[in-house]
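The values are calculated or read from the model by the stated rules, or taken from the named source; none is laboratory data. Computed from a predicted structure; not experimentally measured. Note that we place each Cβ from the backbone using ideal geometry, even for glycine, and neighbour counts take in every protein chain shown.
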Amino acid sequence: MGCDDSAVLRERGQREVFCGLAPIVWLHRKIQDAFFLVVGSRTCAHLIQSAAGVMIFAEPRFATAIIEERDLAGRADANAELDRIVTRLLERRPDIKMLFLVGSCPSEVIKLDLDLAADRLMRTVGTGVRIVHFSGSGLETTFSQGEDACLTALVPHLPAAEAGAGRSLLVVGSLAEVVEGQLQRLLEGLGIERVRFFPPRSSDDLPPVGPDTVVLLAHPFLATTARSLEARGATRVSAPFPLGAEGTTLWLKAAADAFGVAPERFEAVTAPAAARAKMALDRYREELSGKKIFFFPDSQIEIPLARFLSRELGMELAEVGTPYLNRQMIAPELALLPSGTRLSEGQDLERQLDRCRADHPDLVVCGLGLANPFEAEGIATKWSIELLFTPIQGYDQAGDLAELFARPLLRRSRLVELAPCN
Amino acid sequence: MQLTLWTYEGPSHIGAIRVAAAMTGVHFVLHAPQGDSYADLLFTMIERGQKRPPVTYTSFQGRELATNTSELFKTAARDAIERYKPQALLVGSSCTAELIQDDTGGLARAMNLPIPVVPVELSAFMRKENWGANETFYQLVRALAGPHVPPPGTPRPARAPGQRPRCNLLGATSLGFRHRDDVTEIARLLDRIGIDVNVAAPLGASPADLARLGDADFNVVLYPEVAGAAAEWLKRSFGQPAVTTVPLGIGATLDFIREVATLAGIDPAQALAHVPSRLPWYSRSVDSNYLTGKRVFVFGDATHAIGAARVAAKELGFTVVGLGTYSREQARDVREAAKLYGIEALITDDYLEVEAKVAEAQPDLVLGTQMERHVAKRLGVPCAVISAPVHVQDFPARYAPQLGFEGANVLFDTWIHPLMMGLEEHLLTMFRHDFEFHEEAAPSHLGRGAAQAAERPADPVAVAAAPAVVTDTSGPVSAPVATGEIVPVWTADAEKELLKVPFFVRGKARRNTERFARERGLAQITVEALYDAKANVGR
């Protein structure tokens, strides 16, 4: 077992991935009093609304300040324009307690200093509103790295943990409410009483951080956030990610070890839930076992997913693509992958498509731009974005997670009387 | 800078991709960062495309900005040609690439590629999707048909004897609102009156097809948003006149036939005498009486909005209470059209402004885009979609054109069905006091048990306090009552009387009465006030 560096294919070419703006779609649902103002182009606005799909709300808590020709030609002062927009926005939305100024490819290229703008706006219009900048630019960030950038920007705003308040556990990364609740109950069952989640639902409920804080990442794509928390004195414990029964157990175990939980207690608390998860997984093993799966790079959760599918459901891994391989964050996962697994980092889309077709996989995990073309070629697909919008972490979602991969295959087995596509 | 919460049109390069994706044999190398590849999902998911659009995104990254983005572009162009072997290469920049100022056209030309290279300047910080489609189609047409332009002053050669007149069908693209079926429908219509389609483009055309656009006798511009500039150029270069009437609805289709017949030099009498559409009869049938004067709010791209308003007013007997567009390029045409209905056109790309105007107009039906469908849903008003931006629902499996005679049938069905059918509405009104036929009653076929359960308490106070069932507009957009203004209070009797109003119009009755009371400065709404308001407002 275990994957080493030699097996990684590093690719550079055309990419088919979202930029770091896309996580706004889930972050704004998570932090419920925050507004995300992208400073960018019409493309940025269109990207977010396209990624959000049907989620058009009466008045969403995200928007784009679209840079126009006159801003570029110097006929308007971009900073003054931004101030005008932010002032109007905050007047209109008094419910907003935190405003994110989100940098984009165009704002970066024209070197609009949004850190400075955030400071300035905090002084001028920001009464009662925290204004924070992060970049979701596709020049620097790929998809889920946008959440990393957002949380990193929040770290300096976290209050300092009171000295002597005792050790606490900080679970880092957006999780569905139902998942947070389940994990909290398990962690409390282990006797870890002071558990906080980051990001919080409300911006005035930022968790404290300090030398007594133990950080446990819920997602692999939060490397920068982890480093910033460490800079504030926190200790990060390394673990596989809580996907599947095994992943969840190992993730909880890392927390338990950090807090000195007795093995008997750990066993007593986790065993019933783990058994329930395994029972749920049994239902899908027949469908998935021995099937070959190919991952296109998307959100960096590909490696933990591949580990889950190969170890708990017996799937065969053709290629596991990831936009970015952070060896430090993912080391415990790599150790669990079958040796010789073909990993690829970055992307050269056309060559990857060639490899994929040559592999004849039973299932391809890819973005929405590639899914229907694959289906039209007769290759079953699973939309990767669903893996970020659906609660999949923890014991009680293990079965749901397996079902997401089984459904496309099951569907094919039902459609027995269809004529070929035209 | 412009604050945008949601946008009707994407950026200009999306328009360019819509043209490239509609054609065969064209590949588009788009200088763009990785995130711009989201565009693919519009085509593969919304339109259920079986292939990715023919686009290579150069996917430059931050660290490359200072060094070799132009090399990256050249590599991408070379690889794309080798892999896809297109007949023509379209090259351009998305917003970020425009800022880094790599001259994609110049770079591609310098490569001495074996195929025509068509550069397109997309002015990403000024222009939007439809402009991008229009510009791209124009540049493709000019580049590919250009070499075949006769010297100025050359008369158009006469048609060979016995040869049917030929036209080009211009403007249909990928992600267009029912463009796919419109092209089929109008080609059939033209065939029936004796005219052949020389080339339909961009949808379905190859670069070789564009090269022979000049062979046609005239052009039919189905969507001026996309084909306006190309048709202008073809007129100048080949002396081809253009048919500009968009055949949306019966009246416009008949006008279209007349215009086409004149240009083709054929007699339209037979085509005009026989209208193969059910709309004229359906609209005359008694059931449609109830459509009379229904208030309709129309919003969409200019072509569809103008056409829909005409059908609504002149073929269905509606009252057009709102007409607007997000297409600023065609604002003048929409303003002209609005004058016909005695209203002022709404020109905006801010959907919240559209929402406020719809709420204010209190229409019975909204004809709009997918965004107006959401707006109408929030306001509790029926809605039919008539225009892009498109949604997966706008690509029905069945044949469902908007243009021509079959298109008129589709309009009738899709606009009328969201409204309650006339007979049904009539019966509901007639039996509104019937003990079995009020909204709390369970359907009688479910038996007495269900009916009893449903008839139980119905506490009159609770019922009266409940918000209006159908048309509650108390959303975030309803105009807040200004402080100091009198807020009339309903008396218990009046509330009870209001319950006798059929539930599907009760919300409106409530609003109208409250407005009436406010206007008259009434502190209380009594039964008398309710009927005074009814008499004043009318239907």
Restricted to the stretch B:143-195 and to residues being among the basic types (Lys, Arg) and surrounded by fewer than 18 Cβ atoms within 10 Å (Cβ to Cβ), the residue farthest from B:Ala408 (Cα to Cα) is B:Arg156
Limited to the stretch A:111-131, what total is found for residues that are at pLDDT below 95, among the β-branched types (Val, Ile, Thr) and either within 24 Å of B:Ala97 (Cβ to Cβ) or surrounded by 14 or more Cβ atoms within 10 Å (Cβ to Cβ) (or both)? 2
Of the conditions (1) out of contact with any Pro (no Cβ under 8 Å at 6 or more places or on another chain); (2) farther than 25 Å from B:Gly106 by Cβ; (3) facing chain A (nearest Cβ under 7 Å), B:Asp40 clears all except one; give me its number. (1)
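Scan the helices (runs of 4 or more DSSP H) fully inside the stretch A:27-117 and keep the ones with 2 or more residues being more than 10 Å from chain B (Cβ to nearest Cβ).
Values: elements: A:42-52, A:69-72, A:78-92, A:105-109.
Of the helices (runs of 4 or more DSSP H) lying wholly inside the stretch A:27-117, those with at least 2 residues that are more than 10 Å from chain B (Cβ to nearest Cβ) span A:78-92.
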Do the conditions hold for A:Pro420, that is, is it farther than 24 Å from A:Ala52 by Cα and either in a loop (DSSP other than H, G, I, E, B) or within 14 Å of another protein chain (Cβ to nearest Cβ) (or both)? yes
Counting only residues that are small (Gly, Ala, Ser) and in contact with a helix residue (DSSP H, G or I) (Cβ under 9 Å, 6 or more places away or on another chain), the stretch B:286-299 contains a total of 1
Unique residue being of a type outside the set (A, V, I, L, M, F, W, C), closer than 24 Å to A:Gly233 by Cα and within 14 Å of chain B (Cβ to nearest Cβ) when the list is A:Gln145, A:Gln184: A:Gln145
Please go through the stretch A:141-167 and give me each residue that is surrounded by 21 or more Cβ atoms within 10 Å (Cβ to Cβ) and closer than 22 Å to A:Gly260 by Cα, ordered by number. A:Ala161
May I ask you to list the residues in the stretch A:347-388 that are part of a strand (DSSP E or B) and at pLDDT 95 or above? A:Gln347, A:Leu363, A:Val364, A:Val365, A:Cys366, A:Thr381, A:Lys382
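Quick check: is even one residue across the stretch B:57-67 buried (at least 24 other Cβ atoms within 10 Å of the Cβ), outside any loop (DSSP other than H, G, I, E, B) and either in contact with a Ser or Thr (Cβ under 9 Å, 6 or more places away or on another chain) or at the interface with chain A (Cβ under 9 Å from one of its Cβ atoms) (or both)?
Our first condition is that a residue be buried (at least 24 other Cβ atoms within 10 Å of the Cβ); within the stretch B:57-67, this holds for B:57-60.
After this cut, where a residue has to be outside any loop (DSSP other than H, G, I, E, B) as well, the list is B:57, B:60.
Retained after the next criterion (residues that are either in contact with a Ser or Thr (Cβ under 9 Å, 6 or more places away or on another chain) or at the interface with chain A (Cβ under 9 Å from one of its Cβ atoms) (or both)): B:57, B:60.
Yes, the stretch B:57-67 contains at least one residue that is buried (at least 24 other Cβ atoms within 10 Å of the Cβ), outside any loop (DSSP other than H, G, I, E, B) and either in contact with a Ser or Thr (Cβ under 9 Å, 6 or more places away or on another chain) or at the interface with chain A (Cβ under 9 Å from one of its Cβ atoms) (or both).
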Assuming B:Thr96 fulfils every condition listed in (1) within 12 Å of chain A (Cβ to nearest Cβ); (2) out of contact with any helix residue (DSSP H, G or I) (no Cβ under 7 Å at 6 or more places or on another chain); (3) under 28 Å from A:Gln49 (Cβ atoms) apart from one, which condition is it? (2)
Residue under question is B:Ala88, and the condition is that it be over 16 Å from B:Gly132 (Cβ atoms) and buried (at least 22 other Cβ atoms within 10 Å of the Cβ); does it hold? yes
If a residue must be at the interface with chain A (Cβ under 7 Å from one of its Cβ atoms) and closer than 25 Å to B:Ala97 by Cα, how many such residues does the stretch B:43-53 contain? 2
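If a residue counts only when it is touching a Gly at 6+ places or on another chain (Cβ under 7 Å), which helices (runs of 4 or more DSSP H) contained entirely in the stretch B:279-345 have at least 3 such residues?
Numbers: elements: B:279-284, B:302-314, B:331-340.
Output list reads B:302-314.
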Residues that are closer than 20 Å to B:Ala400 by Cα, of a type in the set (A, V, I, L, M), outside the structural domain of B:Asn134 (by the TED database) and part of a helix (DSSP H, G or I): does the stretch B:242-252 have at least one? yes
So, of the residues in the stretch B:9-22 that are facing chain A (nearest Cβ under 10 Å) and either among the β-branched types (Val, Ile, Thr) or assigned to a loop (DSSP other than H, G, I, E, B) (or both), which turns out to be surrounded by the fewest Cβ atoms within 10 Å (Cβ to Cβ)? B:Glu9
Test each condition in (1) under 36 Å from the mean Cα position of the chain (by Cα); (2) away from chain A (no Cβ under 11 Å) for B:Tyr84 and report the one that comes out false. (2)
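So, in the stretch B:116-140, how many residues would count as being part of a helix (DSSP H, G or I) and under 17 Å from B:Tyr326 (Cα atoms)?
Residues that pass the stated criteria total 6.
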Scanning the stretch B:28-37 for residues that are more than 7 Å from chain A (Cβ to nearest Cβ), of a type outside the set (Val, Ile, Thr) and in contact with a Ser or Thr (Cβ under 7 Å, 6 or more places away or on another chain), which turns out surrounded by the fewest Cβ atoms within 10 Å (Cβ to Cβ)? B:Ala32
Criterion violated by B:Thr104 - all others in (1) surrounded by fewer than 24 Cβ atoms within 10 Å (Cβ to Cβ); (2) more than 10 Å from chain A (Cβ to nearest Cβ); (3) under 23 Å from A:Leu72 (Cα atoms) satisfied: (1)
Can you pull out the helices (runs of 4 or more DSSP H) entirely within the stretch A:238-314 that have at least 2 residues that are over 18 Å from A:Pro391 (Cβ atoms), touching a strand residue (DSSP E or B) at 6+ places or on another chain (Cβ under 6 Å) and in the same structural domain as A:Leu409 (by the TED database)? A:302-313
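Can you tell me which of A:Leu175, A:Leu170 is at pLDDT 95 or above, in contact with a Ser or Thr (Cβ under 6 Å, 6 or more places away or on another chain) and surrounded by 22 or more Cβ atoms within 10 Å (Cβ to Cβ)? Let's see the steps before the verdict.
Working: A:Leu175 fails: in contact with a Ser or Thr (Cβ under 6 Å, 6 or more places away or on another chain).
Only one candidate qualifies: A:Leu170.
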Is it the case that some residue within the stretch A:329-337 is within 14 Å of chain B (Cβ to nearest Cβ), in contact (Cβ under 8 Å) with a residue 24 or more places away in the chain and not hydroxyl-bearing (Ser, Thr, Tyr)? no
Go through the stretch A:201-223 and report how many residues are buried (at least 16 other Cβ atoms within 10 Å of the Cβ), not aromatic (Phe, Trp, Tyr) and not in a strand (DSSP E or B). 11
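State whether one or more residues within the stretch B:68-83 are farther than 23 Å from B:His391 by Cα and in a loop (DSSP other than H, G, I, E, B).
Of all residues in the stretch B:68-83, those farther than 23 Å from B:His391 by Cα come to B:68-83.
If we keep only those that are in a loop (DSSP other than H, G, I, E, B) too, we end up with B:68.
Yes - at least one qualifying residue is present in the stretch B:68-83.
Looking for whichever is among the charged types (D, E, K, R), free of Cβ contacts under 8 Å to residues at least 40 places away in the same chain, in a helix (DSSP H, G or I) and outside the structural domain of A:Thr322 (by the TED database) here; the options are A:Glu193, A:Glu180, A:Glu147. Which one fits? Write out each step before concluding.
Details: A:Glu193 fails: in a helix (DSSP H, G or I); A:Glu147 fails: free of Cβ contacts under 8 Å to residues at least 40 places away in the same chain.
Selected residue: A:Glu180, the only one of A:Glu193, A:Glu180, A:Glu147 that is among the charged types (D, E, K, R), free of Cβ contacts under 8 Å to residues at least 40 places away in the same chain, in a helix (DSSP H, G or I) and outside the structural domain of A:Thr322 (by the TED database).
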